[in-house]
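One structure is given here, and the rest of the page talks about it.
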Amino acid sequence: MSEFYICLTFDVDAESSQVRENAEPVSISKGQFAINKGIPRILSLLEKYDIQSSFFTCGWVAETYPETIKEILGKGHEIAAHGYLHEHLDKLPLAEEKEVHLKTNKILEDLTGKIKGFRAPYWKISENTLKIIKELDYIYDSSLMDDDQPYILSIPDVAGSLVEFPVQWYIDDWIMFETHQYAPYLVLEIWKSQLDSYIKINEESNRLSVFNLTCHPSCIGHAYRLKVLEDLISYIKSNEYEFTKMENLATIIMKNIEDIE
Ligand SMILES: [Zn+2]
């Protein structure tokens, strides 16, 4: 069995997409739940179990709620990039998309220091996205779905590479609780069975493996849903698997490659 890690990741969208779409006030307030209730509860939960996580956020969110972002960072978590206003990057022309990434990078780095990772809003990218984030010196991406374990991703016409932490729609709180409104006991069973299958893959492989769970504070932050996450954390802790930030794993994976080369 090779190394196996758990990455609990949180996409801090807040009300960014609703603002971009000029949504009505109730829809905006649904996003604001992330800042008002979701993040404080998540930070308490992670502190209780001594877990460090990666939080992907938008440039607009960091501009609007700098204290929240600084608090997340201050608790030992990672801040990574997630667009400026939660754009559909696949719909943007090159110059406009570049502006989104550069602007977001500057806002986040001014507030929190060096940014190392990126996750695409809606998990949609253009043919330019990975090239742009590599040029910004990010070391990893977490947007693609072509594998279930991290791997080294080469980008045509760009020197060096990125670590890719693949995502899946089925390991995501939004699908479970918002799209399907599954009962909590069912979500816990689904996540535990997914985790068990990843552990099995890891036992049969010689690759570093990761269970990469995506959550949204405006979704998982509701009390009955957070209880499911806590039960999952207890299950993982009872099996003594290690939680970590993606930036740490990306550094380990990059170093392993350099050692081999
Ligand atoms: Zn998002």
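Rounded to the nearest Hz, the phi-derived 3J(HN,Hα) couplings of region 21-32 under the Karplus curve 6.51 cos²θ - 1.76 cosθ + 1.60 (θ = phi - 60°) are 8, 6, 6, 7, x, 5, 4, 4, 5, 4, x, 5, where x marks glycine and proline. In region 4-260, taking the dipole from charged Cβ atoms about the Cα centre, the farthest positive-side position among 218, 22, 202 is held by 218.
Placing a pseudo-label 7 Å from each Cα along the Cα-to-Cβ vector at residue 94 and residue 241 gives an inter-label distance of 4.1 nm.
Distance between the modelled labels on residue 37 and residue 178, one decimal in nanometres: 1.5 nm (7 Å Cα→Cβ projection).
Residue separation of residue 201 and residue 122 scaled by 0.36 nm, minus their Cα-Cα distance, works out to 25.7 nm of gained length. Of the solvent-accessible surface of the chain, computed with a 1.4 Å probe over protein heavy atoms with every protein chain present, carbon and sulfur atoms account for 52 percent.
Checking every one of the chymotrypsin sites (Phe, Trp or Tyr not before Pro) in region 118-197 against DSSP loop status and a limit of 10 other Cβ atoms within 10 Å picks out 170.
Between residue 70 and residue 170, the distance separating the two model label sites (each 7 Å from Cα on the Cα→Cβ line) works out to 4.3 nm. Structural descriptor for the chain: relative contact order 29 percent, calculated from alpha carbon pairs under 8 angstrom and at least 6 residues apart. For region 212-252, GluC sites (Glu not before Pro) meeting the loop criterion (DSSP other than H, G, I, E, B) and having at most 16 other Cβ atoms within 10 Å: 240. Label point of residue 102 set 7 angstrom out along Cα-Cβ; within region 133-156, amide nitrogens under 18 Å from it belong to 133-138.
Here region 6-82 and region 144-203 have alpha carbon centers that stand 20 Å from each other.
The GluC sites (Glu not before Pro) found in region 120-188 that occupy coil by DSSP, while having at most 10 further C-beta atoms within 10 Å, are 127. Most simply put, the chain has about 15% antiparallel DSSP beta bridges, counting only bridges with both residues inside it.
Calculate, for the chain, the solvent-accessible area per residue in square angstrom, rolling a 1.4 angstrom probe over the heavy atoms of the protein chains.
Result: 44 Å² per residue.
Our helix-only sum for the chain, with -39,500 (n - 2.57) per DSSP H run of n ≥ 4 divided by its residues, gives a mean residue ellipticity at 222 nm of -14000 deg cm²/dmol.
Placing +1 on the Cβ of every Lys and Arg and -1 on the Cβ of every Asp and Glu, with nothing else charged, gives region 4-260 a dipole about its Cα centre of roughly 520 debye.
Farthest towards the positive end of the charge dipole of the chain, among the residues 4, 49, 180, is the Cα of 49, using unit charges on the Cβ of Lys, Arg, Asp and Glu. Computed from the Cβ-Cβ distance with R0 of 51 Å, the FRET efficiency linking residue 256 to residue 224 stands at 0.80.
The values are calculated or read from the model by the stated rules, or taken from the named source; none is laboratory data. On a predicted model such as this, the values are computed, not experimentally measured, just so you know. So basically every Cβ, Gly included, is an ideal-geometry build from the backbone, and we count neighbours across all protein chains shown. When the accessible area is computed, the model is the full protein with side chains, heavy atoms only, and any ligands, DNA or RNA have been set aside. Shrake-Rupley method; radii C 1.70, N 1.55, O 1.52, S 1.80 Å.
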